[in-house]
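Step one of this worksheet: look at the structure below.
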Amino acid sequence: MTESYKNDLAYIHDVGFGGFVKSASGFVLELLQHQGFDSGLVVDLGCGSGILAEELENAGYDVIGIDVSMALLAIARKRVKKAQFRACSLFKADIPNCIAVTAIGECFNYLFDSSNTSQELYNLFVRIYNSLTSEGILVFDVALKGRVPGSGLYRTYTESQDWAVLMTAEEDLHLGLLTRHITTFRKVGELYRRDGEIHQLRLLMQEELVEQLENIGFKVSTFSSYKELQLAPGHIGLLAHKQG
């Protein structure tokens, strides 16, 4: 399994880009209330630094968070004392009986684990369906073809007081693959430490996902925003509902 979100990128991702999950948290909480769940277990796949877990716990839910990044899990364990956090592949994780499963931030796309194949994702959907209680929900977002703006290499640069991150992204439309080259600079004392990671994502197909989920037994709808936060082109959310 590829090492991902090491210490510096985990820190930057938490302090600099946590707003995405924060917005998704309000969306998830509204869905749970709408389904009539004011308590119960939520399994957060790709839980990252525990931002969603904290919001869920504060609202009275129990949480199990699963992620492959030890650095992100270390932040999550400091942030949320009562939740359980496990270092494990999302595709091999045990899914206990629960009211909801979440996967916020393109978690099902990442190829940190070589077992991320179309068949393994389908198998995971089946296990999630079998673990959900009646009226339980699966909430996730995924990257599709067209996730990278424009037709060539896409570059972004973001900085703050003690860090900076440069990212280039490119799609291989033939292979259905998105590659992100990420370079981080984090201030340590008076100097900046440089590190880098390469993240690859398997781009998925909305129609295929919906068909798979419906064949399993879910009622499926799509969404394009987490409350006020609009998802970018090539980035779509899905809500899969296990009907009673």
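Every read-out reported here was derived from the displayed coordinates using simple, explicitly stated rules and does not represent laboratory data. Please read these numbers as outputs of a predicted model, since none were measured by experiment. Quick reminder, even Gly has a Cβ in these numbers, built from the backbone with ideal geometry, and neighbours come from all protein chains shown.
Annotations
- GNM top mover of 40, 18, 152 - the chain, alpha-carbon springs below 10 Å: 152
- Taking 181, 34, 199 in turn, the Gaussian network model of the chain (Cα-Cα springs below 10 Å) assigns the largest fluctuation to 34.
- Net charge contributed by nearby residues that have their C-beta within less than 15 Å of residue 191 (K/R +1, D/E -1): 0
- Here the sum of -39500 (n - 2.57) over DSSP H runs of 4 or more residues, divided by the residues of the chain, equals -9000 deg cm²/dmol at 222 nm, to the nearest 500.
- Considering only the chain, percent of DSSP beta bridges that pair antiparallel, nearest 5: 70
- Once the Cα atoms are used to define both axes, helix 19-34 deviates from the longest principal axis of the chain by about 10 degrees.
- The mean sequence distance of close C-alpha pairs (under 8 Å, at least 6 residues apart), as a share of the length of the chain, puts its relative contact order at 19 percent.
- Under DSSP loop assignment and at most 10 Cβ neighbours within 10 Å, longest GluC sites (Glu not before Pro)-free interval of the chain: 1-189
- Cα-based shape type of the range 1-136, given that a ≥ b ≥ c are square roots of the gyration tensor eigenvalues and the cut on a/c is 1.5: oblate
- Among (i) 25, 22, 15; (ii) 31, 20, 15; (iii) 28, 22, 16, the entry derived from the coordinates for semi-axes √(5λ) of the Cα gyration tensor in Å: (iii)
- Contact order normalised by residue count of the range 154-201, Cα under 8 Å, 6+ apart, percent: 30
- Each other residue within a Cβ distance under 13 Å of residue 96 adds +1 if Lys or Arg and -1 if Asp or Glu, for a net charge of -1.
- Between helix 70-79 and the chain: long-axis angle, C-alpha atoms, 0 to 90°, nearest 10: 70
- Helix axis angle, 118-131 relative to the chain longest principal axis, alpha carbon, degrees: 50
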